[in-house]
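The values are calculated or read from the model by the stated rules, or taken from the named source; none is laboratory data. If you're wondering where the values come from, they're calculated on a predicted model, not measured in any experiment. Counting neighbours? That spans all protein chains shown, and the Cβs are built from the backbone with ideal geometry, glycine included. SASA here: full protein model, heavy atoms, side chains in, ligands and nucleic acids out. Shrake-Rupley method; radii C 1.70, N 1.55, O 1.52, S 1.80 Å.
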Amino acid sequence: AALLTVTRKRGAASYAQTLQNIPETHVTTLENGLRVASEESNQPTCTVGLWIQAGSRYEDAKTNGAGFFVEHMAFKGTKQRPGSAFEKEVESLGAHLSGYTSREQTAFYIKALSKDMPKVVELLSDLVQNCALEDSQIEKERRVILKELKEMDSSLEDVAFDYLHATAYQGTALAHTVEGTTENIKRLTRADLASYVDTHFKAPRMVLAAAGGISHRELVDAAKQHFAGMPVTSKEGSVPALTHCRFTGSEIRARDDALPLAHIALAVEGPGWAHPDNVVLNVANAIIGRYDRTFGGGKNQSCRVAALAEEHNLCHSFEPFNTSYSDTGLFGFHFVSNPLSIDDMMFCAQGEWMRLCTSTTESEVTRAKNYLRNAMVAQLDGTTRVCENIGSHLLHYGRRIPLEEWDARISAVDAGMVRDVCSKYIYDKCPAIAAVGPIEQLLDYNRIRSGMYWVRL
């Protein structure tokens, strides 16, 4: 027993020391507003990337899809490296180039050997400041994107989440899809794409983040050399700010009985990125857990929803989510089920929500907090994940929040906090619902709404 106690204490100390010994994140702001942030380590490789405050939320109905189009065009040559010369130069370094666009941010990043960091910064600078946007390449990528849109339509989970945003934030910018509409992709011109770049790819909206075997001073010197001339504002002299996106309790149903399975997503309005309630809601989601029929465990799984789903064959998969934006969010769950199991699965999932609001236990919270700690430490794996963590944090929070601080926030959560915060966001609230597939059994919205509270005597 004494030996076990010593072993446990050594393990706990090792975890705490791991959080404390993470290298410091250095942040320097250039005169033009570009933030340069890095975490130095002894890795032989590094990941350097640009995180930009731009995405589909900054587009209107006519330009929706421009950001996604620009992301495609960014890798198709610059004014200094026309055609495939840009990609060939990246490949000559043995590097990996990637990028993505979301509703509120766009990212381009390169993973390479640490010694090549100055060259990587030069390439990223060329990518965002001198994108060629050649007409021939635009037409080629237009066909590629249209093909991608058709393929995305076959991913019913993605379709359900796009519908969820469309109904929850109807009439606002968050209702837009990231990829844009087929009609927009067909008619967007070079002038539209150039206007998007000129408006959004500005120094104050960017974070140059790096992680790996690099020196922060050398990173700053490279940034000054290649980004110092980047303008602060667009030619019009202003950069669009976020507009408020009002949440609406409503639904979208896309019934198709020819499909084998139904995809159902239900959500209430959650808090924005920086709100402290997010930590508690993430603990709540960890209590709910997730389920996939291909997983092991059977009906003995610790998560009640997973155990019930397995025992009664309620669904093929189930997953909660907490999607945050600058000033709002979607807190909910998504499940895939047979047509005749929809009602039972919805009853089970909403019942778990009500149980979180009324009778969460300390043992569940302890298990959930351990799960979150494990997921948090996993962020330390690889320079790319660390680099993305740095870039996203500076855009969302204005600073990189240390893992030690996250651990303290998680540790502070107890069962009472989970009950209070879940009641605040879930209990007796009007949800947004998106349903795709053979959904005849999905009950009327008012019936689902009645499942958002319990009549307690």
I'm trying to understand the selection: among the residues of region 163-175, which are under 15 Å from Glu59 (Cβ atoms) and either open to solvent by 40 Å² or more (accessible area, probe 1.4 Å) or touching a helix residue (DSSP H, G or I) at 6+ places or on another chain (Cβ under 8 Å) (or both)? His165, Ala166, Tyr169, Gly171, Ala173, Leu174, Ala175
Out of (1) modelled with pLDDT under 90; (2) in a strand (DSSP E or B), the odd one out for Pro23 is which? (2)
Within region 259-271, how many residues turn out to be open to solvent by less than 10 Å² (accessible area, probe 1.4 Å) and more than 16 Å from Pro339 (Cβ to Cβ)? 6
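Yes/no per residue for (1) among the small types (Gly, Ala, Ser); (2) surrounded by fewer than 16 Cβ atoms within 10 Å (Cβ to Cβ); (3) over 26 Å from Asn338 (Cβ atoms):
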| site | (1), (2), (3) |
| --- | --- |
| Arg400 | no, no, yes |
| Glu404 | no, yes, yes |
| Ala408 | yes, yes, yes |
| Gly416 | yes, yes, yes |
| Cys422 | no, no, yes |
| Ala432 | yes, no, no |
| Val436 | no, no, no |
| Ile439 | no, no, no |
| Asn446 | no, yes, no |
Only unsatisfied item for Thr323, checking (1) at pLDDT 95 or above; (2) surrounded by fewer than 19 Cβ atoms within 10 Å (Cβ to Cβ); (3) part of a helix (DSSP H, G or I), is (3)
From the residues in region 35-73 that are within 16 Å of Phe201 (Cα to Cα) and of a type in the set (Lys, Arg), which one is modelled with the lowest pLDDT? Arg57
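What residue, of Glu141, Glu89, Glu59, is of a type in the set (D, E, K, R), open to solvent by less than 40 Å² (accessible area, probe 1.4 Å) and either within 29 Å of Trp273 (Cα to Cα) or out of contact with any His (no Cβ under 8 Å at 6 or more places or on another chain) (or both)?
On the way: Glu141 fails: either within 29 Å of Trp273 (Cα to Cα) or out of contact with any His (no Cβ under 8 Å at 6 or more places or on another chain) (or both); Glu89 fails: open to solvent by less than 40 Å² (accessible area, probe 1.4 Å).
Of Glu141, Glu89, Glu59, the one residue that is of a type in the set (D, E, K, R), open to solvent by less than 40 Å² (accessible area, probe 1.4 Å) and either within 29 Å of Trp273 (Cα to Cα) or out of contact with any His (no Cβ under 8 Å at 6 or more places or on another chain) (or both) is Glu59.
This table checks each residue for (1) polar (S, T, N, Q); (2) over 26 Å from Pro44 (Cα atoms); (3) in contact (Cβ under 8 Å) with a residue 12 or more places away in the chain; (4) touching a helix residue (DSSP H, G or I) at 6+ places or on another chain (Cβ under 8 Å).
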position: Arg103; (1), (2), (3), (4): no, yes, yes, yes
position: Tyr109; (1), (2), (3), (4): no, no, yes, yes
position: Leu123; (1), (2), (3), (4): no, no, yes, yes
position: Leu127; (1), (2), (3), (4): no, no, yes, yes
position: Cys131; (1), (2), (3), (4): no, yes, yes, yes
position: Glu134; (1), (2), (3), (4): no, yes, yes, no
position: Met152; (1), (2), (3), (4): no, yes, yes, yes
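Considering only helices (runs of 4 or more DSSP H) fully contained in region 377-446, which possess at least 2 residues that are modelled with pLDDT under 95? Break it down into steps so the answer makes sense when it comes.
Numbers: elements: 383-396, 403-411, 415-425.
Where helices (runs of 4 or more DSSP H) fall fully within region 377-446 and carry at least 2 residues being modelled with pLDDT under 95, they are 383-396, 403-411.
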Go through the residues of region 118-126 one by one and say whether even a single one is under 17 Å from Gln225 (Cβ atoms), assigned by the TED database to the domain that holds Thr172 and not in a helix (DSSP H, G or I). no
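Sort out which residues of region 367-384 are farther than 25 Å from Met452 by Cα and either in contact (Cβ under 8 Å) with a residue 24 or more places away in the chain or surrounded by 14 or more Cβ atoms within 10 Å (Cβ to Cβ) (or both), and write them in order of number.
So the first thing to find is which residues in region 367-384 are farther than 25 Å from Met452 by Cα, and the list is 367, 369-384.
Across region 367-384, the qualifying residues are Arg367, Lys369, Tyr371, Leu372, Arg373, Met376, Val377, Gln379, Leu380, Gly382, Thr383, Thr384.
What number of residues within region 176-200 are of a type in the set (A, V, I, L, M, F, W, C) and either in contact with an Asp or Glu (Cβ under 9 Å, 6 or more places away or on another chain) or open to solvent by less than 10 Å² (accessible area, probe 1.4 Å) (or both)?
Going through region 176-200, the residues of a type in the set (A, V, I, L, M, F, W, C) turn out to be 178, 185, 188, 191, 193-194, 197.
Subset that is either in contact with an Asp or Glu (Cβ under 9 Å, 6 or more places away or on another chain) or open to solvent by less than 10 Å² (accessible area, probe 1.4 Å) (or both): 178, 185, 188, 193.
Here the count works out to 4.
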